[in-house]
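First up is the structure itself, then whatever we jot down about it.
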Amino acid sequence: MQLPQAFQEKMKKLLPAAEGRDFFTSYDCPAHAGLRVNTLKISVEQFLRLWPFPLEPIPWTTTGFYYARQDRPAKHAYYHAGLFYLQEPSAMAPAACLAPEPGERVLDLCAAPGGKTTQLAAAMQGRGILVANDLAADRAKALVKNLELAGVRNAVVTNETPERLAKYFAAYFDRVLVDAPCSGEGMFRRDAGVMTAWREQANPVYARTQRQILRAAAEMVRPGGRLLYSTCTFDPRENERVIGEFLREQAAFSLIDIPKEHGFMPGLQEDDCEVSAVARLWPHRLKGEGHFLALLTRKGVAEKEEPGPTGPLRTQGKLNLKTFGEFTAQTLPGVAFTGIFLAYGEHLYVQPEGVPALAGLKVVRPGFYLGQLKKHHFAPSQALAMGLKAEQAPNRISFRAGDEAVGRYLKAETVAATAAKGWVLVCVDGFPLGWAKGTAEGLKNYYPIAWRRVD
């Protein structure tokens, strides 16, 4: 790979000669490919029993695996069932390092396209509040799709600046992830377009943006909470120096040591940063691309809060849920939803308890999207289908992964099958893919056109 000359000169100054030779040699090898098992839907053990191709564990996460590119996992029906997410191996490290727990309040501040967000969600196991934010509206749409595909039910998606978000969520979160926009030097081997667009003059510009984002993020961390800052670049101006300046400004924060194992290395020497505590992931030291990680904690202990309301599901405002009630009684008997019902127009959501008022924010998804409240019926969403377990829908049909019917369904084509009248949950090997409707003529396909598979 022909790296930019200015980049080569910079890296030669940053690395000792022998280390530099190994670093540049690594660019003659292809980037490693990874997938992460979505434990919201399936255990790692069950996935490994079902998956037809060889996998190799990624050592810094319990749910990640290397795969061979020729196996083309995105073509497999399990990808469309949300059983796994394709993710660069090093990119799995930030969420694994932040390690949220079920029941916590978690923020992914620069979330799109959602790989790290869905990893955080899986660790939370559907309990707690996950806020996923991205400033770019088009990227926020991709974020929504990936959250829906993964079956995440406890997320709120916003499209805001970090500064505005901080006004609504002051000292609110137990864990905050800042996967900051950066110059992307660590991704050159994976994405030639990033390398082509790279300009060394942009490093200071990114650093200014990163400092601003980090300041806003700090305001949203509760006492005793944790903040993980990460980039996929090598330049110290975007890494150690950003953290060093942050620590000078923010006396309430300190670094937590990230274990130097699995090829993780200390940071580069900078006067303002405890380089032994941060971690660098180098492409010649491990099977992954370049990353930087810094884990910080806010001093103090958060005040104990009274638990939120429990019991019957509540509603926000006056909602006519008659058609939704009829739908659940017929299609999802016994399925319970926890949180607060709210509607944006005819679109019905259920929001986790404890989310502050969001009026004035750009909200893309105020909660788990259930579907549309029509005058005479309820139209369930694709998100609802993906957030279910197959056994929750008595009226369901399941095909084998290699069945031609699965391919036809995922292309939004007619499927030759019969089912009971009404809404039908279509599954592959017992894992939901989406909705269809049983009619006298057969099965009517309701797979979203925007999601359909194109071979």
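Just so you know, all these numbers are worked out from the coordinates, no wet-lab data involved. Note that the coordinates shown come from a computational prediction; the quantities given were computed from them, not determined experimentally. All Cβ positions, even for glycine, are placed from backbone atoms using ideal geometry, and neighbour counts span all protein chains on display.
So for ASP134, ASP71, fewest C-beta neighbours within 10 Å to most, what's the order?
Values: ASP134 25, ASP71 16.
By the 10 Å Cβ count, ascending, the order reads ASP71, ASP134.
Taking a quarter of the surface of the convex hull around the Cα atoms of the chain, what do you get in nm²? Let's see the in-between values first.
Working: hull surface 89.5 nm².
If I average the Cα hull's projected area over directions, I get 22.4 nm².
Any chance you could count the Lys pairs in the range 388-455 whose alpha carbons are under 19 Å apart, treating pairs 8 or more apart or on different chains as valid?
5
Just to check I understand the Karplus step: with θ = phi - 60° and J = 6.51 cos²θ - 1.76 cosθ + 1.60, what whole-Hz values come out for the range 417-433, glycine and proline as x?
7, 10, 7, 4, 4, x, 5, 10, 8, 8, 10, 10, 6, x, 10, x, 10
Straight distance only, please: which aspartates and glutamates reach the Cα of LYS41 with their own Cα at less than 19 Å, same-chain residues fewer than 8 apart left out?
GLU101, GLU148, GLU391, ASP429
Less than 26 Å apart at the alpha-carbon level, and either on another chain or at least 8 residues along: which lysines does that give for LYS362?
Filter leaves LYS116, LYS141, LYS145, LYS167, LYS318, LYS374.
About the Cα centre, and with charges only on the beta carbon of Lys, Arg (+1) and Asp, Glu (-1), how big is the dipole of the chain? Nearest 20 debye, please.
1260
Could you line up SER183, SER381, SER43 from fewest to most neighbouring Cβ atoms inside 10 Å?
SER43, SER381, SER183
Suppose we keep just the DSSP beta bridges with both residues in the chain; what percent of those would be antiparallel, to 5?
Of those bridges, close to 70 percent are antiparallel.
Going by C-beta contacts inside 10 Å, put HIS377, HIS347 in order with the fewest on the left.
Least crowded to most crowded, the residues run HIS377, HIS347.
Please enumerate, by chain and number, the lysines with C-alpha under 27 Å from the C-alpha of LYS10, excluding those fewer than 8 residues away in the same chain.
Partners found: LYS260, LYS287.
For every helix of n ≥ 4 consecutive DSSP H residues, a contribution of -39,500 (n - 2.57) applies; sum these over the chain, divide by its total residues, and give [θ] at 222 nm rounded to the nearest 500 deg cm²/dmol.
-7500 deg cm²/dmol
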